[in-house]
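Worksheet: the structure to be examined is printed underneath.
The values are calculated or read from the model by the stated rules, or taken from the named source; none is laboratory data. This one's a predicted model, so the numbers in the text were calculated from it and none came from an experiment. Counting neighbours? That spans all protein chains shown, and the Cβs are built from the backbone with ideal geometry, glycine included.
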Amino acid sequence: MTPQYKPETTDSTSVKNEPAQSAKLWAGRFSKETNAAVNAYNSSIAFDARMYKQDIRGSSAHARMLAAQGIISLEDAKLIVDGLNSILQDIENGKLSFDPLAEDIHMFIEAELTARIGDAGKRLHTGRSRNDQVALDLRMYLLDTVSIIRSGMVELYSVLLDICRENLETIMPGYTHLQRAQPITMAHHLMAYVEMLARDIDRLDDCSRRMNTMPLGSGALAGTTYDLDRHAVAADLGFSGITMNSLDGVSDRDYAIELTSMLAIFMMHLSRLSEEIILWSSQEFAFVDLDDAYSTGSSIMPQKKNPDIAELTRGKTGRVYGSLITLLTVMKGIPLAYNKDMQEDKEAIFDAVDTVLMCLPAFTGMLSTMKIKKDRCRQAAAGGFTNATDLADYLVKKGLPFRSAHEVSGRMVRYCVEKSCSLDDLSLEEMLTFSGLIEQDIFEAISLDTCVRQRRIVGAPAPETVAAAIEAAAARFAI
Ligand code: ARG
């Protein structure tokens with residue numbers, strides 16, 4: 001039978017304005033005070049206090065629903081919601097600080113509420129457990145955070161597109177094995193990161209979709225006998241659906257693991273770009289100049305300008321991987337449903353989102369202020385025989401099978417290495433000693449500009465192909 005709201009009876013044990021955190025809300029069953037070391041060990045308020053807004057929002061929605069269902073009175077619901085709002089205000093304006101002795105943010109707010117409004121506060125937890133409450137708060141906190149991360153990622157995406165638009169014709173060497181391979185453009189190179197980032201944003205959206213289910217009503221593990229309206233709470237809080245099994249509802253952390261895993265992949269992408277920027281800003285490459293505002297100096301070597309933002313991004317990628325492994329390991333051995341191990345989820349997921357949130361503006365700023373030294377890029381592409389494939393392709397067009405053309409081009413490269421010159425420096429006469437098929441049009445055919453311009457196939461570096469790719473990429477996220 002569903003318990004219905006009954007007119008309030010006075011609870012003789014309740015004392016208004018009792019000190020909020022003096023007693024444990026579960027103290028009834030216990031005959032001793034908790035050992036001080038256990039208290040500190042058990043407490044999570046030091047790291048879960050950051051979910052206070054979500055806890056208050058969730059509790060207010062729960063209270064409104066309890067009243068609408070006739071489980072508590074409308075007056076009590078109003079006292080609860082107003083009380084919660086006053087707590088929110090006092091936290092935000094610094095009048096109320098978190099009690100480090102409180103067990104967690106949920107207990108802290110509930111105890112504070114009861115201290116402020118008396119018995120009505122004690123009715124808030126009707127039909128709810130901290131297990132579904134923490135599951136709700138974490139989902140809400142992460143959904144709020146995901147939307148900030150998403151805008152940061154879209155901002156980075158659009159900065160990359162701008163750099164690509166500026167560098168459609170900036171020829172540089174493309175590398176394999178970090179050896180110069182074939183000429184491409186800076187726009188084409190950076191569009192590779194745009195593709196990675198598009199997948200990252202897609203993965204973020206995909207994981208938010210699953211995160212967006214409301215677990216309240218799962219109770220401790222077995223649902224509840226109260227006639228809660230779970231859909232109403234979901235709608236009130238802006239969730240798109242509800243969780244479908246009470247055990248899973250309280251013990252699922254897939255959404256946190258999916259988010260961390262998506263963030264780990266994202267950081268891996270930034271780390272790869274960081275590595276390139278570190279190389280490119282070295283004097284050996286000198287393809288880019290980092291802005292002074294996004295570089296740091298040395299305490300001893302006056303000449304140094306270091307790419308610290310890129311290095312930190314590369315380093316912090318490891319932290320995010322660490323969080324992912326922590327979460328997977330915490331979850332792998334715990335039986336259904338809630339176990340206290342799961343409290344260990346928070347520092348890991350919070351550190352992952354904090355790291356990404358710190359990284360995004362610094363990284364995006366570093367890119368948007370970075371100068372690309374177009375001449376240096378082109379100069380590097382001119383060395384290293386990056387047009388040797390095009391020379392082979394030229395011979396193929398003149399009728400030679402590709403394998404033979406590869407051989408001829410290779411011999412010409414060896415000759416040039418001995419002469420310390422590039423393929424373009426050879427005279428037609430010299431070239432003719434390698435193949436009678438070569439004609440005057442060879443010079444045009446193997447020029448860097450031709451090599452790039454002729455690669456017009458979808459996904460290739462020809463400026464008009466990349467320009468089309470940029471506009472398609474911009475349309476994906478309506479930039
Ligand atoms: N602080 C706890 C956590 O983060 C809240 C849930 C506590 N539930 C319990 N049954 N002790 O997981």
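Some notes on this structure:
- Only one of T433, T465 that is without any contact (Cβ under 8 Å) to a residue 12 or more places away in the chain and within 22 Å of A381 (Cβ to Cβ): T465
- G436 modelled with pLDDT under 95, of a type outside the set (A, V, I, L, M) and either surrounded by fewer than 15 Cβ atoms within 10 Å (Cβ to Cβ) or within 29 Å of G219 (Cα to Cα) (or both): no
- Residues (outside any loop (DSSP other than H, G, I, E, B) and away from the ligand (no atom under 16 Å from the Cβ)) located in segment 330-343: K332
Listed here are the residues, each with its yes/no results for (1) of a type outside the set (V, I, T); (2) modelled with pLDDT under 90.
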site: Q4; (1), (2): yes, yes
site: E8; (1), (2): yes, yes
site: T13; (1), (2): no, yes
site: N17; (1), (2): yes, yes
site: S86; (1), (2): yes, no
site: K95; (1), (2): yes, no
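- Qualifying positions in segment 162-185 - among the acidic types (D, E) and in contact with a Pro (Cβ under 6 Å, 6 or more places away or on another chain): E169
- Residue match in segment 381-391 (condition: in contact with a helix residue (DSSP H, G or I) (Cβ under 7 Å, 6 or more places away or on another chain) and without any contact (Cβ under 8 Å) to a residue 12 or more places away in the chain): no
Listed here are the residues, each with its yes/no results for (1) without any contact (Cβ under 8 Å) to a residue 60 or more places away in the chain; (2) surrounded by fewer than 21 Cβ atoms within 10 Å (Cβ to Cβ); (3) under 30 Å from A234 (Cα atoms).
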position	(1), (2), (3)
L142	no, no, yes
R150	yes, yes, yes
S158	no, yes, no
R180	no, yes, no
P183	no, no, no
L197	no, no, no
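- Residue match in segment 130-138 (condition: closer than 23 Å to K346 by Cβ, assigned to a helix (DSSP H, G or I) and among the small types (G, A, S)): yes
- For segment 378-385, the criterion of being in contact with a Lys or Arg (Cβ under 7 Å, 6 or more places away or on another chain), modelled with pLDDT under 95, within 30 Å of L197 (Cβ to Cβ) and in a loop (DSSP other than H, G, I, E, B) is satisfied by at least one residue.
- Members of segment 120-140 found to be more than 13 Å from the ligand (Cβ to nearest atom), more than 30 Å from the chain's Cα centre (by Cα) and closer than 28 Å to R209 by Cα, listed by number: G127
- Residue list for segment 296-312, filter: in a loop (DSSP other than H, G, I, E, B), among the charged types (D, E, K, R) and touching a residue at least 12 places away in the same chain (Cβ under 8 Å): K305
- Leading residue by the ranking (surrounded by the fewest Cβ atoms within 10 Å (Cβ to Cβ)) among those in segment 103-119 that are part of a loop (DSSP other than H, G, I, E, B) and within 16 Å of the ligand (Cβ to nearest atom): E103
- Here the condition is being free of Cβ contacts under 8 Å to residues at least 40 places away in the same chain and either in a helix (DSSP H, G or I) or surrounded by 19 or more Cβ atoms within 10 Å (Cβ to Cβ) (or both); of A264, A256, A293, A234, it holds for A234 alone.
- All told, S271 meets the bar of being within 15 Å of the chain's Cα centre (by Cα), more than 17 Å from D137 (Cβ to Cβ) and assigned to a helix (DSSP H, G or I).
- Scanning segment 210-231 for residues that are in a helix (DSSP H, G or I), touching a residue at least 24 places away in the same chain (Cβ under 8 Å) and out of contact with any helix residue (DSSP H, G or I) (no Cβ under 9 Å at 6 or more places or on another chain) yields a count of 0.
- Qualifying positions in segment 87-102 - assigned to a helix (DSSP H, G or I), touching a helix residue (DSSP H, G or I) at 6+ places or on another chain (Cβ under 7 Å) and surrounded by fewer than 22 Cβ atoms within 10 Å (Cβ to Cβ): L88, I91
- Residues within segment 429-479 that are within 18 Å of H406 (Cα to Cα) and in contact with a Leu (Cβ under 7 Å, 6 or more places away or on another chain), tallied: 4
- Test: I479 is more than 22 Å from Q379 (Cβ to Cβ), modelled with pLDDT under 95 and out of contact with any Lys or Arg (no Cβ under 8 Å at 6 or more places or on another chain): yes
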